[in-house]
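To start, the structure under review is shown below, and the notes come after it.
The values are calculated or read from the model by the stated rules, or taken from the named source; none is laboratory data. Remember, it's a predicted structure, so these values are computed and weren't measured experimentally. Glycine gets a Cβ as well: all are built from the backbone with ideal geometry, and neighbour counts include every protein chain shown. When the accessible area is computed, the model is the full protein with side chains, heavy atoms only, and any ligands, DNA or RNA have been set aside. Shrake-Rupley method; radii C 1.70, N 1.55, O 1.52, S 1.80 Å.
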2 protein chains.
Amino acid sequence: MADDKTTDLVLAHYDSWMNGMASYDETRLRGILAPDVKFEGPLSGKRTGADAFLPGLAGFVKILKALRILQKIHAGNEASVLYDCDITMPRGTFRFAEFFRVEKDKIKEIKLVFDATEFRKMIAP
Amino acid sequence: MADDKTTDLVLAHYDSWMNGMASYDETRLRGILAPDVKFEGPLSGKRTGADAFLPGLAGFVKILKALRILQKIHAGNEASVLYDCDITMPRGTFRFAEFFRVEKDKIKEIKLVFDATEFRKMIAP
């Protein structure tokens, strides 16, 4: 797959949710993610499948005010994105790093890293 | 700069410390990092300069048992690496994401992301 195809797909992914719930586009997301997408993150652990992944993403979008991409790197079928998010709860700006693998024109794997310290306090104070 | 030069530099960086204090090579690191390297991470905040960065790295190497690279992506003068570390204190396996920018054959910028929850407990229980 051409490099730019991977970037297009990853940027379309962010474009489907980064502007808040009003623009959250589940139909478009299901066209971008493989049905058996594998997700891994500090709070949710490992999840397999768009059905398991999307509710968590929608929950995040509800507390997201703004997302700014700081760095994005892609090569072949892999991409990584570093971004800052302004969040309402916990209130503040938090940094996220996300690594993708693309297969057959779909996002097949997402590994998310962020400092969950303040988020854990919201879940179990 | 050719892509493989960026990868070589970033992998040389890890190679200078990932195998523990016995192999920690400060002279080699100073040849890899720009003297005014900019570092940013969840615990240390922003630091500028190899002199400000290296003591924190050495402190980390002292608690590092093993490092396994899961994904590395490079394009032009940028690279990102996703890795898991086995740590002695806090004990466990933790995931790290690191984004690099290279300038004039040196690492000029490092942005590190990880879940610092357990590490914060060690600093301020």
Project the alpha carbons of segment A:1-77 onto their principal axes and report the range along each, largest first, in whole Å. 33, 27, 25
Quick one: Cα convex hull volume of the protein assembly as shown, Å³ per residue? 123 Å³
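Would you work out what percent of the accessible area of chain B, with all protein chains in place, is carbon or sulfur (probe 1.4 Å)? If you can, show how the numbers build up before the last one.
On the way: 3090 of 5910 Å².
Heavy-atom surface of chain B belonging to carbon and sulfur, 1.4 Å probe: 52 percent.
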At a Förster distance of 25 Å, what's the computed FRET efficiency of B:A58 paired with B:K5, Cβ-Cβ distance as r, to 0.05? 0.45
Which whole-number percentage describes the relative contact order of chain B, with Cα contacts under 8 Å and a sequence gap of 6 or more? 26 percent
Could you compute how much accessible surface B:E40 exposes when probed at 1.4 Å, giving the result in Å² to the nearest 10? 40 Å²
For segment A:71-125 and segment B:11-67, compute the distance between their C-alpha centroids and round to whole Å. 24 Å
What residues of segment A:36-50 lie in the reach of a label at A:K106, counting those whose backbone N is under 17 Å from a point 7 Å from the Cα along Cα→Cβ? A:36-40, A:47-50
Within the set of other residues whose C-beta is less than 12 Å from the C-beta of B:E103, count the net charge using Lys and Arg as +1 and Asp and Glu as -1. +2
Accessible area buried at the B-A interface, both sides summed, 1.4 Å probe (Å², nearest 100): 2100 Å²
Formal net charge of residues neighbouring B:L54 (Cβ-Cβ distance under 9 Å; K, R +1; D, E -1): -1
Quick one: angle between helix A:3-15 and the longest Cα principal axis of chain A, in degrees between 0 and 90, rounded to 10, please. 30 degrees
Mind checking which of B:I110, B:I69, B:I32 has the largest fluctuation in a GNM of chain B, springs on alpha carbons under 10 Å? B:I69
Using each residue's phi in segment B:34-50, evaluate 6.51 cos²θ - 1.76 cosθ + 1.60 at θ = phi - 60° and report the 3J(HN,Hα) Karplus result to the nearest Hz, with x for Gly and Pro. 5, x, 10, 3, 9, 10, 9, x, x, 8, 8, x, 9, 10, 10, x, 4
Taking the simple approach of a point 7 Å from Cα along Cα-to-Cβ for both A:K46 and B:R68, what is their distance in nm? 1.1 nm
